[in-house]
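Trainee: Have a look at this one before I ask anything.
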Amino acid sequence: MHVVVGSGSIGTAIASSLAESGVAVRIVTRSGGGPKHPLITRVAADASDTAAFRRAAAGAEVIYNCVNPPYHAWPTDWPPIASALLAAAIENDAVLAITGNLYGYGPVDRPMTEDMPLAARTVKGRVRARMWEEALAAPVRTFEVRASDYIGPRYTVIEMALPALRAGKTAWLPASVDVPHTYTYTGDVARTMIALAGDRRAWGSAWHVPSPPPMTGRELLTRVAEIGGMPAPRLRTYPRAAVRAAALFDKFTKEFLEVRYQHDRPFVLDSSRVSAVFGLTATPVDEAIRAVLRLSEVAVEVHQ
(Lines give C-alpha, C1' and ligand atoms only; values in the text may rest on other atoms or scores of the structure.)
Protein backbone atom coordinates (compact mmCIF):
# COMPACT_ATOMS: atom_id res chain seq x y z
CA MET A 1 0.00 0.00 0.00
CA HIS A 2 1.42 3.34 -1.11
CA VAL A 3 -0.18 6.48 0.34
CA VAL A 4 -0.16 9.65 -1.76
CA VAL A 5 -1.05 12.88 0.02
CA GLY A 6 -2.42 15.55 -2.32
CA SER A 7 -4.12 15.33 -5.72
CA GLY A 8 -2.40 18.14 -7.59
CA SER A 9 -0.42 17.48 -10.76
CA ILE A 10 2.34 15.55 -8.93
CA GLY A 11 0.11 13.54 -6.58
CA THR A 12 -2.26 12.62 -9.40
CA ALA A 13 0.60 11.53 -11.65
CA ILE A 14 2.19 9.40 -8.92
CA ALA A 15 -1.09 7.73 -7.92
CA SER A 16 -2.06 7.02 -11.53
CA SER A 17 1.37 5.66 -12.47
CA LEU A 18 1.54 3.39 -9.43
CA ALA A 19 -1.97 2.04 -10.01
CA GLU A 20 -1.31 1.39 -13.68
CA SER A 21 1.75 -0.67 -12.67
CA GLY A 22 -0.36 -2.79 -10.32
CA VAL A 23 0.37 -1.10 -6.98
CA ALA A 24 -2.46 -0.45 -4.52
CA VAL A 25 -2.71 3.27 -3.75
CA ARG A 26 -4.56 5.27 -1.14
CA ILE A 27 -4.78 8.97 -2.08
CA VAL A 28 -5.54 11.31 0.80
CA THR A 29 -7.05 14.77 0.32
CA ARG A 30 -9.36 17.05 2.29
CA SER A 31 -12.14 16.53 -0.23
CA GLY A 32 -11.65 12.84 -0.87
CA GLY A 33 -10.96 13.55 -4.53
CA GLY A 34 -8.29 12.30 -6.89
CA PRO A 35 -7.90 10.10 -9.96
CA LYS A 36 -10.18 7.11 -10.45
CA HIS A 37 -8.76 3.63 -10.86
CA PRO A 38 -9.68 0.19 -9.45
CA LEU A 39 -6.44 0.15 -7.42
CA ILE A 40 -6.85 3.71 -6.07
CA THR A 41 -8.79 4.27 -2.86
CA ARG A 42 -9.71 7.91 -2.28
CA VAL A 43 -9.79 9.00 1.35
CA ALA A 44 -10.99 12.29 2.83
CA ALA A 45 -8.75 13.38 5.71
CA ASP A 46 -6.98 16.48 6.95
CA ALA A 47 -3.24 15.84 6.60
CA SER A 48 -2.52 18.41 9.31
CA ASP A 49 -4.51 16.38 11.85
CA THR A 50 -2.02 13.82 13.19
CA ALA A 51 -4.64 11.41 14.53
CA ALA A 52 -6.77 11.56 11.37
CA PHE A 53 -3.80 11.08 9.10
CA ARG A 54 -2.44 8.19 11.15
CA ARG A 55 -5.72 6.38 10.49
CA ALA A 56 -5.64 7.26 6.80
CA ALA A 57 -2.04 6.08 6.43
CA ALA A 58 -2.35 2.80 8.35
CA GLY A 59 -0.37 0.04 6.65
CA ALA A 60 1.56 2.33 4.33
CA GLU A 61 4.85 1.14 2.87
CA VAL A 62 5.57 4.52 1.26
CA ILE A 63 4.07 7.93 2.01
CA TYR A 64 4.43 10.54 -0.74
CA ASN A 65 4.18 14.13 0.44
CA CYS A 66 2.65 15.94 -2.55
CA VAL A 67 0.80 18.56 -0.54
CA ASN A 68 0.69 22.15 -1.79
CA PRO A 69 -0.69 24.57 0.82
CA PRO A 70 -1.70 28.07 -0.30
CA TYR A 71 1.42 30.13 -0.97
CA HIS A 72 0.70 32.69 1.75
CA ALA A 73 -0.07 30.01 4.35
CA TRP A 74 3.20 28.07 4.26
CA PRO A 75 4.41 29.25 7.72
CA THR A 76 1.17 28.13 9.41
CA ASP A 77 0.06 25.18 7.26
CA TRP A 78 3.29 23.33 6.52
CA PRO A 79 4.55 22.56 10.08
CA PRO A 80 1.51 20.51 11.23
CA ILE A 81 1.28 18.72 7.87
CA ALA A 82 4.97 17.82 7.87
CA SER A 83 4.74 16.69 11.48
CA ALA A 84 1.70 14.47 10.84
CA LEU A 85 3.26 12.80 7.79
CA LEU A 86 6.52 12.25 9.65
CA ALA A 87 4.71 10.67 12.62
CA ALA A 88 2.76 8.34 10.31
CA ALA A 89 5.92 7.30 8.45
CA ILE A 90 7.66 6.46 11.73
CA GLU A 91 4.66 4.53 13.04
CA ASN A 92 4.34 2.44 9.86
CA ASP A 93 8.09 2.14 9.23
CA ALA A 94 7.27 3.62 5.83
CA VAL A 95 9.51 5.46 3.42
CA LEU A 96 8.70 9.18 3.45
CA ALA A 97 9.09 10.62 -0.05
CA ILE A 98 9.01 14.43 -0.03
CA THR A 99 8.28 16.63 -3.02
CA GLY A 100 10.60 19.62 -2.61
CA ASN A 101 11.69 22.77 -4.38
CA LEU A 102 14.67 25.12 -4.58
CA TYR A 103 13.53 27.82 -2.17
CA GLY A 104 15.79 26.56 0.60
CA TYR A 105 18.97 27.50 -1.29
CA GLY A 106 18.11 31.19 -1.45
CA PRO A 107 19.75 33.51 -4.02
CA VAL A 108 22.63 31.76 -5.80
CA ASP A 109 25.33 32.72 -8.27
CA ARG A 110 26.01 29.30 -9.80
CA PRO A 111 24.08 26.19 -10.85
CA MET A 112 22.40 24.60 -7.84
CA THR A 113 23.67 21.21 -6.65
CA GLU A 114 22.43 19.02 -3.82
CA ASP A 115 25.49 19.74 -1.66
CA MET A 116 24.77 23.48 -1.49
CA PRO A 117 23.75 24.76 1.97
CA LEU A 118 20.12 25.60 2.65
CA ALA A 119 21.01 29.22 3.26
CA ALA A 120 17.74 30.97 2.38
CA ARG A 121 16.66 33.87 4.54
CA THR A 122 13.20 34.12 3.04
CA VAL A 123 10.17 32.97 5.01
CA LYS A 124 9.24 30.26 2.52
CA GLY A 125 12.82 29.13 2.10
CA ARG A 126 13.26 28.64 5.84
CA VAL A 127 9.97 26.73 6.10
CA ARG A 128 11.10 24.24 3.47
CA ALA A 129 14.61 23.94 4.91
CA ARG A 130 13.25 23.25 8.38
CA MET A 131 10.93 20.53 7.08
CA TRP A 132 13.85 18.70 5.50
CA GLU A 133 16.11 19.13 8.52
CA GLU A 134 13.43 17.69 10.83
CA ALA A 135 12.83 14.73 8.52
CA LEU A 136 16.56 13.99 8.39
CA ALA A 137 16.79 14.08 12.18
CA ALA A 138 13.91 11.62 12.66
CA PRO A 139 14.19 7.80 12.79
CA VAL A 140 12.70 7.33 9.33
CA ARG A 141 13.79 6.38 5.82
CA THR A 142 13.29 9.55 3.83
CA PHE A 143 14.44 11.50 0.83
CA GLU A 144 13.47 14.75 -0.91
CA VAL A 145 13.31 15.42 -4.64
CA ARG A 146 13.74 19.07 -5.59
CA ALA A 147 12.44 20.57 -8.80
CA SER A 148 12.52 24.01 -10.37
CA ASP A 149 9.49 25.85 -11.76
CA TYR A 150 7.22 23.37 -13.47
CA ILE A 151 6.47 22.60 -17.05
CA GLY A 152 2.96 21.59 -16.10
CA PRO A 153 -0.71 22.47 -16.34
CA ARG A 154 -1.16 24.16 -12.96
CA TYR A 155 0.53 27.08 -11.16
CA THR A 156 3.08 27.60 -13.93
CA VAL A 157 4.18 30.24 -16.40
CA ILE A 158 2.47 28.14 -19.09
CA GLU A 159 -0.85 28.29 -17.25
CA MET A 160 -0.50 32.06 -16.77
CA ALA A 161 0.23 32.71 -20.44
CA LEU A 162 -1.91 30.08 -22.17
CA PRO A 163 -5.28 31.92 -22.32
CA ALA A 164 -3.63 34.92 -23.99
CA LEU A 165 -1.60 32.73 -26.34
CA ARG A 166 -4.71 30.89 -27.46
CA ALA A 167 -6.55 34.18 -28.02
CA GLY A 168 -3.64 35.74 -29.91
CA LYS A 169 -3.33 38.46 -27.27
CA THR A 170 -0.43 39.84 -25.27
CA ALA A 171 0.47 37.73 -22.25
CA TRP A 172 1.45 39.81 -19.22
CA LEU A 173 3.79 38.12 -16.75
CA PRO A 174 5.12 39.19 -13.32
CA ALA A 175 8.83 38.63 -13.99
CA SER A 176 11.43 38.67 -16.75
CA VAL A 177 11.03 36.16 -19.55
CA ASP A 178 14.53 36.72 -20.91
CA VAL A 179 16.71 35.25 -18.16
CA PRO A 180 17.97 31.62 -18.36
CA HIS A 181 15.87 29.49 -16.04
CA THR A 182 15.52 25.77 -15.39
CA TYR A 183 12.05 24.33 -15.90
CA THR A 184 11.16 20.83 -14.66
CA TYR A 185 8.42 18.66 -16.18
CA THR A 186 5.87 17.50 -13.60
CA GLY A 187 5.88 14.01 -15.13
CA ASP A 188 9.59 13.75 -14.36
CA VAL A 189 8.96 14.74 -10.75
CA ALA A 190 6.46 11.89 -10.35
CA ARG A 191 8.73 9.40 -12.12
CA THR A 192 11.68 10.35 -9.91
CA MET A 193 9.64 10.09 -6.72
CA ILE A 194 8.49 6.56 -7.59
CA ALA A 195 11.93 5.37 -8.68
CA LEU A 196 13.72 6.66 -5.59
CA ALA A 197 11.09 5.41 -3.13
CA GLY A 198 12.12 1.85 -3.85
CA ASP A 199 15.88 2.38 -3.90
CA ARG A 200 17.73 2.52 -0.60
CA ARG A 201 20.52 4.52 -2.23
CA ALA A 202 18.15 7.49 -2.27
CA TRP A 203 17.28 7.47 1.41
CA GLY A 204 18.75 10.15 3.65
CA SER A 205 19.54 12.54 0.80
CA ALA A 206 18.06 15.26 -1.37
CA TRP A 207 18.00 14.77 -5.14
CA HIS A 208 17.35 17.10 -8.03
CA VAL A 209 14.77 16.00 -10.58
CA PRO A 210 16.18 15.42 -14.08
CA SER A 211 15.59 18.68 -15.92
CA PRO A 212 16.40 19.92 -19.44
CA PRO A 213 19.00 22.62 -20.09
CA PRO A 214 17.93 26.08 -18.93
CA MET A 215 15.89 28.22 -21.27
CA THR A 216 14.24 31.60 -21.01
CA GLY A 217 10.54 31.95 -20.40
CA ARG A 218 10.28 33.46 -23.87
CA GLU A 219 11.89 30.38 -25.41
CA LEU A 220 9.59 28.08 -23.45
CA LEU A 221 6.41 29.93 -24.39
CA THR A 222 7.51 30.22 -28.02
CA ARG A 223 7.78 26.42 -28.13
CA VAL A 224 4.36 26.14 -26.46
CA ALA A 225 2.84 28.35 -29.14
CA GLU A 226 4.55 26.53 -32.00
CA ILE A 227 3.59 23.06 -30.75
CA GLY A 228 0.05 24.18 -29.96
CA GLY A 229 -0.46 25.80 -33.35
CA MET A 230 -0.92 29.24 -31.77
CA PRO A 231 0.32 32.63 -33.01
CA ALA A 232 3.83 33.68 -32.04
CA PRO A 233 3.59 34.89 -28.45
CA ARG A 234 3.55 38.54 -27.53
CA LEU A 235 4.99 38.76 -24.03
CA ARG A 236 5.22 41.71 -21.69
CA THR A 237 6.44 42.00 -18.12
CA TYR A 238 4.55 44.02 -15.54
CA PRO A 239 6.65 46.93 -14.18
CA ARG A 240 8.01 46.30 -10.69
CA ALA A 241 5.90 49.14 -9.33
CA ALA A 242 2.75 47.51 -10.71
CA VAL A 243 3.64 44.16 -9.13
CA ARG A 244 4.29 45.84 -5.78
CA ALA A 245 0.98 47.67 -6.01
CA ALA A 246 -0.88 44.45 -6.84
CA ALA A 247 0.75 42.80 -3.82
CA LEU A 248 -1.22 45.15 -1.57
CA PHE A 249 -4.43 43.39 -2.61
CA ASP A 250 -3.40 39.95 -3.91
CA LYS A 251 -1.91 37.35 -1.53
CA PHE A 252 -0.16 35.35 -4.24
CA THR A 253 1.54 38.41 -5.71
CA LYS A 254 2.66 39.49 -2.26
CA GLU A 255 4.32 36.13 -1.69
CA PHE A 256 5.81 36.10 -5.19
CA LEU A 257 7.76 39.26 -4.42
CA GLU A 258 9.78 37.32 -1.84
CA VAL A 259 11.09 34.90 -4.47
CA ARG A 260 11.24 37.18 -7.49
CA TYR A 261 15.04 36.95 -7.21
CA GLN A 262 14.71 33.57 -8.95
CA HIS A 263 13.72 35.38 -12.14
CA ASP A 264 16.03 38.40 -12.04
CA ARG A 265 19.20 36.48 -12.90
CA PRO A 266 20.06 32.97 -14.16
CA PHE A 267 18.40 30.30 -12.02
CA VAL A 268 19.91 27.00 -13.05
CA LEU A 269 19.46 23.50 -11.62
CA ASP A 270 22.18 20.85 -11.92
CA SER A 271 20.49 17.43 -12.00
CA SER A 272 23.52 15.42 -13.11
CA ARG A 273 23.79 13.52 -9.81
CA VAL A 274 20.42 11.77 -10.05
CA SER A 275 21.18 10.85 -13.66
CA ALA A 276 24.59 9.41 -12.74
CA VAL A 277 23.30 7.36 -9.79
CA PHE A 278 19.88 6.21 -11.01
CA GLY A 279 20.11 6.60 -14.79
CA LEU A 280 17.14 8.98 -14.89
CA THR A 281 16.98 11.62 -17.62
CA ALA A 282 14.67 14.50 -18.40
CA THR A 283 11.75 14.14 -20.78
CA PRO A 284 12.45 16.15 -23.97
CA VAL A 285 10.91 19.61 -23.67
CA ASP A 286 8.69 19.26 -26.74
CA GLU A 287 7.28 15.96 -25.47
CA ALA A 288 6.60 17.51 -22.06
CA ILE A 289 4.84 20.50 -23.64
CA ARG A 290 2.62 18.23 -25.74
CA ALA A 291 1.58 16.34 -22.60
CA VAL A 292 0.80 19.58 -20.78
CA LEU A 293 -1.26 20.94 -23.68
CA ARG A 294 -3.28 17.71 -23.79
CA LEU A 295 -4.03 18.03 -20.08
CA SER A 296 -4.96 21.70 -20.41
CA GLU A 297 -7.37 20.92 -23.25
CA VAL A 298 -9.08 18.29 -21.10
CA ALA A 299 -9.34 20.80 -18.25
CA VAL A 300 -10.96 23.38 -20.55
CA GLU A 301 -13.49 20.82 -21.77
CA VAL A 302 -14.37 19.80 -18.22
CA HIS A 303 -14.76 23.43 -17.18
CA GLN A 304 -17.04 24.15 -20.12
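The values are calculated or read from the model by the stated rules, or taken from the named source; none is laboratory data. As the structure is a computational prediction, the values presented were derived from the model and not from experiment. Heads up, the Cβs are rebuilt from the backbone with ideal geometry, glycines too, and the neighbour counts pull from every protein chain shown.
Trainee: Do any residues in segment 99-120 that are in contact (Cβ under 8 Å) with a residue 12 or more places away in the chain have Cβ atoms under 6 Å from those of residues that are small (Gly, Ala, Ser) and outside any loop (DSSP other than H, G, I, E, B), where the two are at least six apart or on different chains, and which pairs are they?
Mentor: That search, which allows pairs on different chains as well, returns 103/125; 104/125; 104/129; 106/125; 114/206; 118/104; 118/129; 120/104.
Trainee: Oh, and also: Counting only residues that are under 25 Å from residue 210 (Cα atoms) and β-branched (Val, Ile, Thr), give me the helices (runs of 4 or more DSSP H) lying completely in segment 1-111 with at least 3 of them.
Mentor: 9-20
Trainee: If you don't mind, another one. Within segment 268-287, which residues are under 17 Å from the mean Cα position of the chain (by Cα) and assigned to a loop (DSSP other than H, G, I, E, B)?
Mentor: The answer is 268, 270, 271, 282, 283.
Trainee: A further question on this structure: Under 7 Å between Cβ atoms, which residue pairs at least 6 apart in sequence (or on different chains) link something in segment 224-240 that is at pLDDT 95 or above with a partner that is acidic (Asp, Glu)?
Mentor: 227/286
Trainee: Would you check which residues across segment 169-202 are aliphatic (A, V, I, L, M) and closer than 26 Å to residue 140 by Cα and list them?
Mentor: Once the filter is applied, which keeps residues that are aliphatic (A, V, I, L, M) and closer than 26 Å to residue 140 by Cα, segment 169-202 yields 189, 190, 193, 194, 195, 196, 197, 202.
Trainee: While we're on this one: If I ask for residues that are assigned to a helix (DSSP H, G or I) and under 17 Å from the mean Cα position of the chain (by Cα), which ones from segment 127-164 would you list?
Mentor: Passing the criteria: 127, 128, 129, 131, 132, 157, 158, 159, 160.
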